[in-house]
Amino acid sequence: MINVHQKSIIKNVLEPYNPKFIGIFGSYATNEQTGESDIDIMVDFVPGITLLDIIGMEQELTERLGCKVDLVTKSSVNKYIDPYIQKNLIKIA
């Protein structure tokens, strides 16, 4: 499960981009993470965020959290995969 310090880092990195939603899914949401797990984060941004912005956010999160981060936008998720993500998505902001 994601801890308070990790939540704070995620919010601090992403909030300057005015996200409408930030959530985690995958092993950290289901408390099944291992030392090799990445943190899966879904974000719904306001229009205007570029791919380079997203790559930069993902890199900064990976560095600050000390583990790999997969950052996906809500609009980029395949409609067939989305129900599986929604099943364990935990809103953090």
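Scanning segment 13-28 for residues that are surrounded by 13 or more Cβ atoms within 10 Å (Cβ to Cβ) and touching a residue at least 24 places away in the same chain (Cβ under 8 Å) turns up 13, 14, 17, 19, 21, 22, 23, 24, 25, 26, 28. Looking at this structure, is residue 85 more than 13 Å from residue 2 (Cα to Cα) and surrounded by fewer than 16 Cβ atoms within 10 Å (Cβ to Cβ)? Answer is no for this residue. Any residue in segment 46-59 that is out of contact with any Cys (no Cβ under 7 Å at 6 or more places or on another chain), closer than 18 Å to residue 5 by Cα and crowded, with 16+ Cβ neighbours inside 10 Å? Checked against the condition, which is being out of contact with any Cys (no Cβ under 7 Å at 6 or more places or on another chain), closer than 18 Å to residue 5 by Cα and crowded, with 16+ Cβ neighbours inside 10 Å, segment 46-59 yields at least one hit. Return yes when residue 35 is free of Cβ contacts under 8 Å to residues at least 40 places away in the same chain, on the phi > 0 side of the Ramachandran plot and exposed (fewer than 14 other Cβ atoms within 10 Å of the Cβ) and no when it is not. When the stated conditions are applied, residue 35 does not pass them.
Every number in this text was worked out from the coordinates using simple rules, so none of it is lab data. The structure presented is a predicted model; accordingly, all values stated were derived computationally and were not measured. As a convention, Cβ positions derive from the backbone with ideal geometry for all residues, glycine included, and neighbour counts pool all protein chains shown.
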